[in-house]
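Colleague: Please find one structure pasted underneath; my questions will follow.
The values are calculated or read from the model by the stated rules, or taken from the named source; none is laboratory data. It should be emphasised that the depicted structure is a prediction, and the values quoted were computed from it without experimental measurement. Cβ placement follows ideal geometry from the backbone for every residue including glycine, while neighbour counts extend to all protein chains displayed.
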Amino acid sequence: MTVLIASNNAELQEIVTRLHSAACEMSMKINVKKTEVMKVDDDLTPIKVTVAGVYLRQVHSFKYLGAYFNSEHKKLSQDWQLVASEWPN
């Protein structure tokens, strides 16, 4: 599993786009069916992040390294507002 952290939607899109480009250069693909985004913020506006033109599914919680995180988790740093995560098989 890989977790990407950004402070806003545009920054997350840029990181995801760069990751997608790097993956393509190595003849690899990001599995959009297993890739999700989560926003930790009081603003309920949905996140719109794409990989190769496909919108990623937004979730409100996920498990990472045995810990559960949700979109209302206030213990995360204010800089950790948007997260994209690819789940293993």
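Colleague: Of the residues in segment 45-89, how many are over 21 Å from Ser21 (Cα atoms) and modelled with pLDDT of 85 or more? I'd like the intermediate steps shown before the answer.
Modeller: Let us first name the residues in segment 45-89 that are over 21 Å from Ser21 (Cα atoms), namely 45-46, 58-81, 89.
Retained after the next criterion (residues that are modelled with pLDDT of 85 or more): 45-46, 58-60.
The total comes to 5.
Colleague: Kindly indicate which of Lys63, Lys33 is out of contact with any Lys or Arg (no Cβ under 6 Å at 6 or more places or on another chain) and assigned to a loop (DSSP other than H, G, I, E, B).
Modeller: Matching residue, one of Lys63, Lys33: Lys33.
Colleague: Of the residues that sit in segment 1-30 and are hydroxyl-bearing (Ser, Thr, Tyr) and either in contact with a Leu (Cβ under 9 Å, 6 or more places away or on another chain) or assigned to a loop (DSSP other than H, G, I, E, B) (or both), which one is modelled with the highest pLDDT?
Modeller: Among residues in segment 1-30 that are hydroxyl-bearing (Ser, Thr, Tyr) and either in contact with a Leu (Cβ under 9 Å, 6 or more places away or on another chain) or assigned to a loop (DSSP other than H, G, I, E, B) (or both), the one modelled with the highest pLDDT is Ser27.
Colleague: Search segment 7-36 for residues being hydrophobic (A, V, I, L, M, F, W, C), out of contact with any Phe, Trp or Tyr (no Cβ under 9 Å at 6 or more places or on another chain) and surrounded by 13 or more Cβ atoms within 10 Å (Cβ to Cβ), and hand back the single one that is farthest from Asn70 (Cα to Cα).
Modeller: Looking at residues that are hydrophobic (A, V, I, L, M, F, W, C), out of contact with any Phe, Trp or Tyr (no Cβ under 9 Å at 6 or more places or on another chain) and surrounded by 13 or more Cβ atoms within 10 Å (Cβ to Cβ), I get Ala23.
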